[in-house]
1. Quick query: amide H of Gly130 versus all other amide H atoms, modeled in the peptide plane; which residues come in under 5 Å with a sequence gap of 5 or more or a different chain?
2. Taking K and R as +1 and D and E as -1, what net charge do the other residues with C-beta under 13 Å from the C-beta of Gln188 add up to?
3. Under a 5 Å amide H to amide H cut-off, with H placed in plane at 1.01 Å, what residues pair with Thr144 once short-range neighbours are removed?
4. On full extension of the chain, what length is gained from Lys288 through Asn323, given 0.36 nm per residue of separation minus the C-alpha to C-alpha distance?
5. Which angle between 0 and 90 degrees, to the nearest 10, do you get for helix 315-324 versus the longest principal axis of the chain when only C-alpha atoms count?
6. How large is Rg/Rh for the stretch 254-379, to two decimals, with Cα atoms and a Kirkwood Rh?
7. Across the stretch 216-227, in residue order, what do the Karplus-derived ³J(HN,Hα) couplings come to in whole Hz, using 6.51 cos²θ - 1.76 cosθ + 1.60 with θ = phi - 60° and x for Gly and Pro?
8. Taking Cα centroids, how far is the stretch 293-359 from the stretch 126-158 in Å?
Amino acid sequence: MDISYILNHLGEDREHYFNAVAPPIIQSSNFCFKDVNSFRLAIENESKMPIYSRGCNPTVTILRKKLAALEGADDALVFASGSAAIASAVMSCVKGGDHVICVNKPYSWTTALLNDYLVNYNVTTTMVDGTHTENFEKAILPNTKLIVLESPNTFTLELQDLEAISKIAKKHGITTMIDNSYSTPLNQKPLALGIDIVVYSGSKYFGGHSDLVAGVICSSKERIHEIFSKEFMTLGAIISPHDAWLMLRGIRTLELRVNRSAESAQKVVNHLEKHPKIEKVFYPFASKNEQLSLAKKQMKQGSGLLTVLIKAKSVEDIETFCNSLKCFLLAVSWGGHESLIFPICAGKAPYTLPWNMVRLYIGLENPEELIADIDNALDKI
Ligand SMILES: Cc1ncc(COP(=O)(O)O)c(C=O)c1O
């Protein structure tokens, strides 16, 4: 399906709301029926028909249709946060006594879910170095039910070979899921490579303006139906109609924003790879990246996130660099219009990653200005 059609028209029923170009925010928890038979019909189709907004809300339904189509999935569910989507997807695949294999260094709360939370329910996890596909097969136990991937991850940006891993998983009857927040469906299509479940933090590129928190699961009709009637309805971590509307507005410009952010980031990467004060650049499409051929095989391009190791003598040097930047905000998250910087040394010591590591998110500003700003700040150390 054509992306412009998806973003501008799919799922929109304009004649039902006064031919308004922007869909209405249906800010209603409850929906009523003209007779018992129509009430009964709606109850039979709770995931598709509005009865009560914890299940189905018309504004959210428009968003679900667009997100599923962007992914090439049968269906999608939208959650209150990326973490809620990840937790719901994982929990839909495991029960007490089961085992999960997860790639090293996923998003911090995915680690917490698997290593700290689900162990309380007798679900165990093995973390593996995902740059070597055979590590997944080696970690398989008789009770392994799920493989969790994040390719690339959002600090050190290592990739996993999605097609190869999904083949191994299929051979062993194991479900695969990926956090595809970095790439968006525009730059990487995991379902086409054999992955079963794709999850997103919608707070990043889908929202795109740093003004909402949301999450997404895309998968087959059967899986989405299962998740809807279990984790989605039970845990109730739903998006509000207003946030769904903001995300609808955000995705209208998804293609423009993602391309701009990725193209500018590539320029910054090309510049920093040659900079004398930069020890290493982490980016899927960096010319010196050992996984460049895999990146080219399964991704269309990078995105706005990149990480560098700075040739600094002390944490104070890193602080000087960050504090000297004029165009970058010191903040977590990414995927919005604004460029950001996140130094590892802002966290609590002992650090789990090198103290001289800094993550940059390249937003929609003029890339030449961003490069000049970085150069100027590097000159200060
Ligand atoms: C890669 C990745 N996955 C998931 C999440 C969690 O998403 P949310 O903050 O929407 O819960 C984040 C948030 O930073 C993230 O960066």
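The values are calculated or read from the model by the stated rules, or taken from the named source; none is laboratory data. Just so you know, these numbers come straight off a predicted model, no measurement behind them. For neighbour counting, all protein chains shown are included, and Cβ atoms are generated from backbone atoms with ideal geometry for every residue, glycine included. Please note that ligands, DNA and RNA were not included when accessible areas were found on the heavy atoms of the full protein model with its side chains. Shrake-Rupley method; radii C 1.70, N 1.55, O 1.52, S 1.80 Å.
1. Residues meeting the criterion, in which the H sits 1.01 Å from N, are Asn104.
2. Local charge sum for Gln188: -1.
3. Answer set, sorted by chain and number: His99.
4. 9.7 nm
5. 70 degrees
6. 0.95
7. Computed from phi, the couplings for the stretch 216-227 are 9, 10, 10, 6, 6, 3, 5, 5, 5, 4, 4, 5 Hz.
8. 24 Å
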